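Right, one structure below, let's go through it.
The values are calculated or read from the model by the stated rules, or taken from the named source; none is laboratory data. These numbers were taken from a predicted model, which means no experiment stands behind them. Positions of Cβ are backbone-derived with ideal geometry, glycine not excepted, and every protein chain shown enters the neighbour counts. Accessible surface areas use protein heavy atoms only, side chains included; no ligands, DNA or RNA. Shrake-Rupley method; radii C 1.70, N 1.55, O 1.52, S 1.80 Å.
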Number of protein chains: 2
Amino acid sequence: MSERKVRFSYAQLNQLCMDAFQKFGFTEAKAKIITDVLLTADLYGIQSHGMQRMVRYYKGIQKGTMKVAAEPEVIFDTPVSAVVDGHDGMGQLNGHFAMNLAIEKAKKIGVGIVTVRNSNHYGIAGYYARMAAEAGMLGFSVTNSEAIVVPTYGKKAMIGTNPQAWCMPADPYYFFFDGSTSVVTRGKLEMYNKMAEPIPDGWALDADGVESNNAAEVLANITQKAGGGILPLGGSDKAHGSHKGYGNAMVAEIFSSILSLGTTSDQTMMNNKSGISHGFMAINLAAFGDKDAIIKHMSKYLQALRDSPKAKGQKRIYTHGEPEYGFVADRKQNGIPVIDKTMTEIYDLCHYLKLDPTRYFGDYQPPKSDGMFNNNY
Amino acid sequence: MSERKVRFSYAQLNQLCMDAFQKFGFTEAKAKIITDVLLTADLYGIQSHGMQRMVRYYKGIQKGTMKVAAEPEVIFDTPVSAVVDGHDGMGQLNGHFAMNLAIEKAKKIGVGIVTVRNSNHYGIAGYYARMAAEAGMLGFSVTNSEAIVVPTYGKKAMIGTNPQAWCMPADPYYFFFDGSTSVVTRGKLEMYNKMAEPIPDGWALDADGVESNNAAEVLANITQKAGGGILPLGGSDKAHGSHKGYGNAMVAEIFSSILSLGTTSDQTMMNNKSGISHGFMAINLAAFGDKDAIIKHMSKYLQALRDSPKAKGQKRIYTHGEPEYGFVADRKQNGIPVIDKTMTEIYDLCHYLKLDPTRYFGDYQPPKSDGMFNNNY
């Protein structure tokens, strides 16, 4: 990516987010949760789900899609499970509440599964899976999302990028696997579009359901719901396992919109309501005996994978979550990179919220704005 | 596939399997379970996991890798979870026992998770997931397997094809998703090898870790553990999501070998012991409220997917499990296809077990054998 980035310290961005979310109307405690989810994404190098989302959330709140005063409500409850109605509140707050509920259940009885309906975009799926791992458990987190992915052999986007995340404690690196069930996310297409480069084969279909290398066209079709969309993990045909990506997207759907009687991906984002659903599971390792021995066993296998012979031209085999440790170390030392365009939006936002940007960013000046929030991510 | 097949009725094959497994030393009740798992695969059109495996199992029993007299033992137990030691018994018997245990727990408390170590090949993962669906639940079944898949950027096979299966009741077709976490299974490579056709790009690596289109070479390397192997779902690089297939393989590993402190895929098949592990989960839909409403909600979404617009050149969008209904109907009416080579082996096996093949197959005569069990599947 040729885009110019500028780095700011975690403390600078944290203060900005805290102030902005409180200006949005959230309590300090809630602002802290939302900020932590966003900045964790930035620390992990997943910028698309980081603080650049703040402007989108602001718009969602202005439109009424995201309700600041909403409180998650438990509408069905058993010792091992619960259904939560998010009442159109922020996805981060619903997600944090629901995963904590799952963890509490798992502490008492070994497993907790919580499904959430009527929520909003919740940031990185992995954040919540990691909450369980930090409590010494195996964590699972899924969400459905706006339908921008086609089912195998279809040409209409009927499923979301529906990520699945798993996290488990291990030494020296947690196992942290967070991935969309599509080949790529919308953010990747946007990146290729910005670079004006053709997207690789096997990523997306045009409006007729034919493979396309034209990111701009695919994105425009997605936005206008004109047909086509991103392909499931495995591409366009069964030969490379398209039905498997599609199947995993359905599993994410089951734990989110199906068990909660929520809105399936194809029905989200209608009538000024997002209707996103999530699913969470916490599994207490002690429910299978010696928790420490299990973590040790996992750590040994992960080490064996990292140590195994490399393919020609490759220097490292990563285990899931390992690269994030490097990202975090870099960003804690050198600051979090933010693209110019995002900074322009943030300065616009500060202006609107009557926050003084120099308080956070000193004499840094972003590129001139061409109108507030005209940049549509 | 150009291979000649002959069809036999379910009743004919069932009788043969029942008699043969009892000759192996299994009780009638156990023979019935093993036979049902195998013939269900054949009814579903998954021949590679059907009765052609019987000869392999016979060899495993002769070698002592599979122990006829073994009984699965619960070595750790909570209301929501259990660890089972399979004591090197048949995978089907351990799997059936463990999923039943998970279902019983889920009936009482909402969820049951059971992990099994020291087992053997258990047939199709989906069989056990479906057991839960038949009890009105969401079912999950995974197994690890001999390491024939490379991790992303690796050239040594360190993970198995590690299938994940999910099954949930729905009308008119259950959602039944059963897939390896690799691009393809070994069986697919064997098919291409038999047809002497090059395998597609993105399926496998040679001994140096370079992509290969030579099925014979890849298979020989796998057998001799000379390096290379099948690629994870998503292929050889992150651009197409290789790390996601690799991640899902790890999830299968966690529920099977890790939670049970069993043998990880890279350590299986050593010292005349297979050491395969499995994992099972049953989730009671009633733990999330109105079970019937949940099933109806799922059914409606599945129907919407099937009804959605088709990609150019495609006539149907399938939902997972739907094609199996067609296979079952065909096979119940027209018989189950068995390839000649398998029939030759089965006649050899009958001869050895002192079973009269004409009792099952009348005057059918298979191609001449070139020595008992010389055909190595």
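Data for the structure
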read-out: Whichever lysines have a C-alpha closer than 24 Å to that of B:Lys291, once near sequence neighbours (fewer than 8 apart) are set aside; value: A:Lys105, B:Lys105, B:Lys107, B:Lys108, B:Lys300
read-out: Check: region A:190-319 dipole with +1 on Lys, Arg Cβ and -1 on Asp, Glu Cβ, in debye; value: 780 debye
read-out: Alpha carbon centroid spacing (whole Å) that separates region B:19-61 from region A:80-121; value: 43 Å
read-out: Fraction of accessible area attributable to carbon and sulfur, chain B (%, probe 1.4 Å); value: 50 percent
read-out: Cα-centred dipole magnitude for chain A, charges only on beta-carbon of K, R (+1) and D, E (-1), debye, nearest 20; value: 380 debye
read-out: Residue among A:Ser274, A:Ser119, A:Ser256 with the largest mean-square fluctuation in a Gaussian network model of chain A, springs linking Cα atoms under 10 Å; value: A:Ser274
read-out: Calculated P(r) tail over 36 Å for the protein assembly as shown, as whole % of Cα pairs; value: 42 percent
read-out: 13 Å Cα-Cα reach of A:Lys32 towards aspartates and glutamates, excluding residues that sit fewer than 8 places from it in its own chain; value: A:Asp19
read-out: Per-residue mean of C-beta atoms belonging to partner chains within 10 Å, peptide B:158-171; value: 2
read-out: Most mobile of B:Phe76, B:Phe288, B:Phe21 in a GNM of chain B (Cα contacts under 10 Å); value: B:Phe288
read-out: Along each principal axis, Cα extent of chain B, largest first, Å; value: 59, 49, 46
read-out: Copies compared at A:Asp201 - label distances in nm, ascending, label defined 7 Å from Cα in the Cβ direction; value: 0.5
read-out: Pseudo-label separations to other copies for B:Phe327 - Cα-to-Cβ vector, 7 Å, nm; value: 3.8
read-out: Positive-pole candidate from A:Met90, A:Leu101, A:Ile159, dipole of region A:86-164, charges at beta carbon; value: A:Ile159
read-out: Cβ nearest the rotation axis (A onto B), residue from chain A and distance to the nearest whole Å; value: A:Val111, 3
read-out: Accessible area per residue in Å² at 1.4 Å probe, computed on chain B; value: 37 Å²
read-out: Greater than 20 Å apart at Cα, pairs in A:Lys310/B:Lys273; B:Lys23/B:Lys59; A:Lys30/A:Lys332; A:Lys194/A:Lys354; value: A:Lys310/B:Lys273; A:Lys30/A:Lys332; A:Lys194/A:Lys354
read-out: Complex-versus-alone comparison for region A:218-254, residues with a loss of 20 Å² or more in accessible area, probe 1.4 Å; value: A:Leu233, A:Ala239, A:His240, A:His243, A:Lys244, A:Tyr246, A:Gly247, A:Asn248, A:Met250, A:Val251, A:Ile254
read-out: Percent antiparallel among DSSP beta bridges (both partners in the protein assembly as shown, rounded to 5); value: 85 percent
read-out: For B:Ile199, net neighbour charge (Lys/Arg +1, Asp/Glu -1) across residues whose Cβ lies under 13 Å away; value: -3
read-out: Solvent exposure ordering (accessible area, 1.4 Å, most first) of B:Glu146, B:Glu211; value: B:Glu211, B:Glu146
read-out: Within straight-line cross-link reach of A:Lys155, aspartates and glutamates at Cα separation under 17 Å, skipping those fewer than 8 residues along the same chain; value: A:Glu146, A:Asp201, A:Asp206, A:Asp208, A:Glu211, A:Glu217, A:Asp237, A:Asp266, B:Asp307
read-out: In region B:1-83, the GluC sites (Glu not before Pro) that fall in loop regions by DSSP, at most 13 other Cβ within 10 Å; value: B:Glu3
read-out: Average projected area [Cα convex hull, region B:107-226], square nanometres; value: 9.5 nm²
read-out: Summed buried accessible area for A+B [probe radius 1.4 Å, Å², rounded to 100]; value: 7000 Å²
read-out: Residue among A:Leu305, A:Leu138, A:Leu231 with the largest mean-square fluctuation in a Gaussian network model of chain A, springs linking Cα atoms under 10 Å; value: A:Leu305
read-out: Pseudo-label separations to other copies for B:Asn271 - Cα-to-Cβ vector, 7 Å, nm; value: 6.5
